[in-house]
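Derivation of every value follows stated rules applied to the coordinates shown; laboratory data play no part. Worth saying up front: this structure is predicted, and the values here are computed from it rather than measured. Here the Cβ positions follow ideal geometry from the backbone for every residue, glycine too, while neighbour counts run over all protein chains shown.
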Amino acid sequence: SHDELICKLASECQYLDPAIGDATKFELDYIGVTDADRACFELMPDDERQCDTCKTTGFLSAISCLCKPNILVCINHGDQLCSCSPKKYCLWYRYTIDEMSNMLDALRERLDLCQKWKILVNRLISNDHQNLIDFNDIEKHTTSGVLCLRDDIRIKMEEKLAEAIEYRQMAKNILKRITCKDELIENNNNDNDLKKKKKNFNDENKVTLNDINQLKNRVKSIGITFNEMKTIQNILTDCLHYQDEIKILLQSDKLQSTDVYSNYIERNNQYHIELPIIERLKLFYQASIWYELVQKTLNRTISSSKLRSLISSGQTFQVLHKQIQQKINELQIQLQQLEYWDEKTRPLTKEEPHPTLNTLEQFVKSANEANIHLNSINKIKTLINECHLWNEKFEQMQQGEHYPFLSSYEQLYEQTRHFHIDLEPLKLIEQTILQVRSLLEKTQTVFRRPDSNLTLIE
């Protein structure tokens, strides 16, 4: 009967086409149920459960009377059964209200599932993929919804799913490369081995942003995403945030210390994604090392060759930051000053003509006022100190109770050979030595016998 067909369909709703399911639900809503004695109409022969009036085969319900025990009528023709009071009637039913409600709920759930599947399919076969569909949702609906697809749509879906499986494997491979360092840490206790393996991975196995973007575009083209892509996107988002921090750091008006740059470089080991900005970050790190080296060097005496070396090594970094360019300009100015003063120092260190002690002292004073530090100037300072010590010795000899010995004068004169300075007492000492030697020769000529081996004093 019609009722039997409707209920059979509703009880096996998992196999229904959406259109048939909608029609079945409509019929169930229209039929309605009531409470009475249960009867399994499907076990009765068709001719025994036909309505005596309309000849419809009963399934959901029927009415009988004690006066006509072998006759049944449907609910619609209950008034044509007999003339007895309705109290004598018996209402037979196949399902209770709860059972009918359960069938209706199951059918409704089936229809909702098919409707969702239909929406998913329409989204996938369309070109609008702004919101990607999770692969797990497709797998969940495939078994129940595949019967609802036409052949042409089913073929398109199979192609989509084949692409999705391929791209999912690509995502798994990329995710494995991105997270390989965590596996290394878990599987290696030896720090040296871990460092070697990390270095190998860093050099050979890093994932580029282009790799990830290509995969994202492919996934977007099919409108399907997976858990692996969500994990990759989370890591990528964190990595790009780290890259933005580096951009802000490199755009700072002030050049940072080496520790700041090294910390950011160390953080790069957290990600296994190749960021082009890291190479620029490393250049800034090297530039900060150079800058700090210059700062330390300028506080000490430095040669012109060392300054040229610093300027040459800093040329690589001058385009990175204005502080580098400023420091190179300072070094070039200082180099020019050193070369100027070095040129002024050369005449003072020549053997002829000898400069005076006062000339050297005035030169050193001018160099100190100009804050010039040269090894040649330091040598002149040392020489000036030695000259002052020499003058003190001379004054002490002159102020002694007795005349100094000739040997003392000769020794004092000998000390000035490496000075190359025109000292005032030198002429007096030189004249005195010559006079004493002349007198000594004359005395020897007068008092010493020609054949004697003794000295004059002896």
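Taking 0.36 nm per intervening residue step and subtracting the Cα-Cα distance, what contour gain separates residue 210 from residue 99 on full extension? Show your work: numbers first, answer last.
Numbers: separation 111, 0.36 × 111 = 39.96 nm, distance 5.86 nm.
Between residue 210 and residue 99, full extension yields 34.1 nm more.
Sorted by packing (mean other beta-carbon atoms within 10 Å per residue), highest first, where do 246-252, 443-449 land?
Peptide ranking by packing, descending: 246-252, 443-449.
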Per residue of region 105-120, in order, report the coupling 6.51 cos²θ - 1.76 cosθ + 1.60 (Karplus, θ = phi - 60°) as ³J(HN,Hα) in whole Hz, putting x for Gly and Pro.
5, 4, 5, 4, 4, 4, 5, 4, 4, 5, 5, 5, 4, 4, 5, 4
Members of 322/365; 282/306; 306/379; 322/381; 206/254; 365/393 lying beyond 30 Å, as alpha-carbon distances in this model show:
322/365; 322/381; 206/254
Distance in nm between residue 297 and residue 362 label points, each 7 Å along Cα→Cβ, equals 3.5 nm
Residue-by-residue Karplus 3J(HN,Hα) for region 238-243, coefficients 6.51, -1.76, 1.60, Hz, glycine and proline x:
5, 5, 5, 5, 4, 5
Working only with C-alpha atoms, what are the Rg and Dmax values of region 221-277, expressed in angstrom?
14.9, 48
Name all residues of region 67-107 having a backbone nitrogen under 20 Å from the label point set 7 Å from the Cα of residue 42 along its Cα→Cβ direction, giving them as ranges.
92-107
First measure r as the distance between the Cβ atoms of residue 247 and residue 283, then evaluate 1/(1 + (r/R0)^6) with R0 = 22 Å and state the FRET efficiency to the nearest 0.05.
0.95
Sequence-distant residues sharing a close amide H with residue 56 (under 5 Å, placed H):
51
Report the paramagnetic label zone for residue 452: residues of region 400-442 whose backbone N is under 14 Å from a point 7 Å from Cα along the Cα-to-Cβ axis.
441-442
Average projected area [Cα convex hull, region 350-458], square nanometres
9.4 nm²
Can you give me the long-range amide H partners of residue 133? Hydrogens built in the peptide plane at 1.01 Å from N, cutoff under 5 Å, separation of 5 or more residues or another chain.
224, 225
Across region 433-441, in residue order, what do the Karplus-derived ³J(HN,Hα) couplings come to in whole Hz, using 6.51 cos²θ - 1.76 cosθ + 1.60 with θ = phi - 60° and x for Gly and Pro?
4, 5, 5, 5, 5, 5, 5, 5, 5
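Kindly state, to the nearest 0.05, the FRET efficiency for residue 439 paired with residue 375, given R0 = 35 Å and r defined as their beta-carbon distance. Working shown, then result.
On the way: r = 45 Å, r/R0 = 1.30.
Computed FRET efficiency for residue 439 and residue 375 comes out at 0.15.
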How large is the convex hull of the Cα atoms of region 265-337 per residue, expressed in Å³ as a whole number?
89 Å³
